[in-house]
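One structure below.
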Amino acid sequence: MNIPYKWRILFTCSTVEFANAATAMVVLAVFIDPMTLTLNWSRTSISGAVAIGSVIGACMAPVTGQINDRYGPRGMLIISTVLVSVSCIVLSYVQTSVILGVALIVFRICDQGATKVLTASSVGKAFSENRGFAVSMVFLAGSLGCVIVAPGAQFIITIFSWREAWLCLGCLMFLGGTIPTIILLKSRNKNGLNNLSTGTDLTKPSAAFNRQELITAFKSVSFVYILISLFLTGMASSGVILHLMSYLVSAGFSESVSVSVLSVIAISSAVGSILWGKLADRFNVKWVCVATYVTLVLAIGIVIFPYNITFLYLMGLALGLAGVGVNTLSALLLANYYGTNILASIYGLSRTAQVMGFALGILFSGVVYDRTGAYQTAFSILLLLSVIGLLALLLAKKPKVF
């Protein structure tokens with residue numbers, strides 16, 4: 001049976017995102033306490049390595065996007081998934097801070113500089129109808145991965161150790177990411193795909209890559225506002241999520257409750273990926289984006305005042321909805337504003353801004369905790385930044401030239 005190539009792209013990108021849950025913040029959060037206790041390293045050292053890798057990945061994202069626009073995602077996805085697998089295996093044997101730092105840096109470069117850019121933009125380019133639903137399927141797969149991987153990793157850590165957990169994550173990425181990419185995706189030349197819906201011609205362009213369009217988009221004031229909003233919300237969300245389990249435990253909640261909150265975040269992300277995608281197909285995508293930003297502001301507000309377990313679960317619900325909403329809808333907003341010919345390239349640059357925020361947020365919360373012994377000050381500042389990010393998004397109007 002001749003399966004349309006766009007469905008092969010969707011399936012492959014979804015399996016890659018599922019396996020890429022190994023690099024998710026909610027999964028990394030599970031490892032922070034056991035690794036710092038066993039190896040006697042500070043949270044700043046781990047957060048710093050994650051931040052450095054994220055920054056390098058952010059700088060690489062625009063290049064990855066242009067490679068995808070010209071050559072397709074296959075080659076870069078193979079390289080990225082293999083390196084993540086190797087990094088996880090190295091982390092399972094790590095003994096020194098240098099090796100830890102290198103592994104985490106490579107780990108984050110591949111995640112933020114390649115995988116995240118390639119999966120969403122490839123599906124966004126492949127689908128013209130029901131694009132919101134198709135892109136949401138990719139993020140749904142990633143969210144479902146987090147639902148399973150976060151408690152799964154915690155279970156392995158409890159029964160065995162964090163080393164065995166990293167080893168399992170490495171195997172997951174190779175089997176769920178590398179193998180499907182090799183089997184299902186095809187290489188193509190720099191002219192791109194002619195008809196992704198049929199897969200009958202993999203050499204002729206459907207629409208030529210236009211560098212002038214890319215330059216015009218980069219000069220757009222609205223694009224600058226979008227970058228600012230993604231940077232600030234990225235900083236706010238990562239600064240909270242990576243340190244959330246440690247924060248909740250220090251606030252007096254048990255590890256099991258803290259892990260269950262992370263699971264709620266992952267589950268609500270899964271639900272939210274479908275919800276936001278459907279809403280974006282039916283309503284103005286910008287205002288759906290605004291709704292996700294408002295949800296993030298509310299979530300961080302609840303984090304600062306975790307009165308009881310009910311509030312924690314409400315926070316997890318809101319944080320999961322907001323996180324996946326920003327990720328899903330940013331690609332759809334850019335496609336709506338600037339078209340699909342240069343989507344991977346501009347999405348890559350938007351990922352640069354967002355990941356720079358991720359990196360700074362991770363490091364910021366870690367440094368504040370190491371210096372003050374508490375997270376409240378850091379989270380309060382991140383709340384303010386999320387509000388500013390919301391205001392920046394409201395100022396971003398659709399350009400008339402696209």
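The set of residues in the range 240-274 that are of a type in the set (S, T, N, Q) and either over 26 Å from Val288 (Cβ atoms) or part of a loop (DSSP other than H, G, I, E, B) (or both) comprises Ser246, Ser250, Ser254, Ser256, Ser258, Ser260. Among the residues of the range 386-402, those identified as surrounded by fewer than 21 Cβ atoms within 10 Å (Cβ to Cβ) and assigned to a helix (DSSP H, G or I) are Val387, Ile388, Leu390, Leu391, Ala392, Leu394, Leu395. Within the set of pairs 6+ apart or on separate chains, which have a first residue in the range 174-195 that is more than 20 Å from Leu343 (Cβ to Cβ), a second that is at pLDDT 90 or above and aromatic (Phe, Trp, Tyr), and C-beta atoms under 8 Å apart? That search, which allows pairs on different chains as well, returns Gly176/Phe18; Pro180/Phe11; Leu184/Phe11.
Here Thr12, Thr115, Thr81, Thr36 are screened, and the one residue that is of a type in the set (S, T, N, Q), surrounded by fewer than 22 Cβ atoms within 10 Å (Cβ to Cβ) and modelled with pLDDT of 80 or more is Thr36.
Remark: pairs (first residue in the range 271-289, more than 15 Å from Ala331 (Cβ to Cβ) and in contact (Cβ under 8 Å) with a residue 12 or more places away in the chain; second residue of a type in the set (Val, Ile, Thr) and in a helix (DSSP H, G or I); Cβ separation under 6 Å; 6+ apart in sequence or on different chains) are absent. Of the residues Val106, Val98, which is surrounded by fewer than 22 Cβ atoms within 10 Å (Cβ to Cβ), within 26 Å of Ile156 (Cβ to Cβ) and either in contact with a Lys or Arg (Cβ under 8 Å, 6 or more places away or on another chain) or at pLDDT 85 or above (or both)? The match here is Val106.
Remark: Leu184 matches the filter, which requires a residue to be closer than 20 Å to Ala21 by Cβ, crowded, with 16+ Cβ neighbours inside 10 Å and modelled with pLDDT under 90. Apart from one condition, Ser45 fits all of (1) surrounded by fewer than 20 Cβ atoms within 10 Å (Cβ to Cβ); (2) under 19 Å from Gln354 (Cβ atoms); the exception is (2).
The values are calculated or read from the model by the stated rules, or taken from the named source; none is laboratory data. Small disclaimer: the values here were computed from a predicted structure and weren't measured. Cβ atoms come from the backbone with ideal geometry, glycine included; neighbour counts cover every protein chain shown.
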